[in-house]
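The values are calculated or read from the model by the stated rules, or taken from the named source; none is laboratory data. Only a predicted model underlies this, so the values are computations on that prediction, with no experimental measurement involved. Here the Cβ is made from the backbone with ideal geometry for all residues, glycine too, and neighbour counts use every protein chain on show. All accessible areas refer to the heavy atoms of the entire protein, side chains included, with ligands and DNA or RNA removed. Shrake-Rupley method; radii C 1.70, N 1.55, O 1.52, S 1.80 Å.
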Amino acid sequence: FGARLVVFPALAKAGKSTLTVQLAAAGYPVFSDDVLPIHLRTGQGEAMGMVPRLRPPLPPSLGPTTRRFVAERAGPRRTNRFYVLLREGECVPYGVRAPIGGVVLLERAAGARATLTPIDPADALEALLLQNFTTDRPAAAILDALAGAVEGSACYRLRYARGAAAIERLGEAFGPPPGGAARSGL
């Protein structure tokens, strides 16, 4: 979102990859899916250059724009997952770094109206710490780096059922994709 990253620390099956693909279909460049290295000295995230991986079947709530987007980019698959081969400009190249400007905890709930509620930065920090898997650095250095990444970031809980509505709330909070308004029909 602009020059800053918005990260979604969450456990498996929280909807991270589906939301990531919907963001790409809406025109937001994807910095990472699933794993985001955060540099201890700078607190910046580094692009992995990896494409998202989805679990079939696609959720019924996906709109025609996202379904077409996924169909046109469907890559290698297994029975329980497939890759979405993002094109140039849709996926940030490996090694690019950017500061973190937002931490959003995801809460998918059937029938929920999309809401973005401010949370205590300590809750955002805890979510990042629980998703951390670094083992070769001192714990204090990891805590300092993640606290630095959260400091000054907008911290929210996103409750939603449909990705399109979630993207509207995210756009209101963090800005539109490069080039203007998000695509519709997501």
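Structure above, values below:
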quantity	calculated
Given (1) within 18 Å of the chain's Cα centre (by Cα); (2) among the hydrophobic types (A, V, I, L, M, F, W, C); (3) part of a loop (DSSP other than H, G, I, E, B), index of the condition residue 110 fails	(1)
Odd one out for residue 98 among (1) touching a strand residue (DSSP E or B) at 6+ places or on another chain (Cβ under 6 Å); (2) free of Cβ contacts under 8 Å to residues at least 60 places away in the same chain; (3) more than 25 Å from residue 161 (Cβ to Cβ)	(2)
Residue check for residue 76: modelled with pLDDT of 95 or more and more than 24 Å from residue 162 (Cα to Cα)	yes
Among the candidates 102, 75, residue that is in a strand (DSSP E or B) and either touching a Cys at 6+ places or on another chain (Cβ under 8 Å) or open to solvent by 80 Å² or more (accessible area, probe 1.4 Å) (or both)	102
Selection from the range 45-71 of residues that are surrounded by fewer than 19 Cβ atoms within 10 Å (Cβ to Cβ) and in a loop (DSSP other than H, G, I, E, B)	49, 50, 55, 56, 57, 58, 59, 60, 61, 63
Conditions (1) farther than 21 Å from residue 135 by Cβ; (2) part of a loop (DSSP other than H, G, I, E, B); number of the one not met by residue 21	(2)
So residue 96, is it under 23 Å from residue 177 (Cβ atoms), open to solvent by less than 80 Å² (accessible area, probe 1.4 Å) and aliphatic (A, V, I, L, M)	yes
Residue within the range 114-132 that is modelled with pLDDT of 90 or more and among the hydroxyl-bearing types (Ser, Thr, Tyr) present	yes
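Results for (1) surrounded by fewer than 19 Cβ atoms within 10 Å (Cβ to Cβ); (2) aliphatic (A, V, I, L, M), shown as yes or no for each residue.
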{"residue": "128", "(1), (2)": "no, yes"}
{"residue": "139", "(1), (2)": "yes, yes"}
{"residue": "157", "(1), (2)": "yes, no"}
{"residue": "165", "(1), (2)": "yes, yes"}
{"residue": "170", "(1), (2)": "no, yes"}
{"residue": "173", "(1), (2)": "yes, yes"}
{"residue": "176", "(1), (2)": "yes, no"}
{"residue": "182", "(1), (2)": "no, yes"}
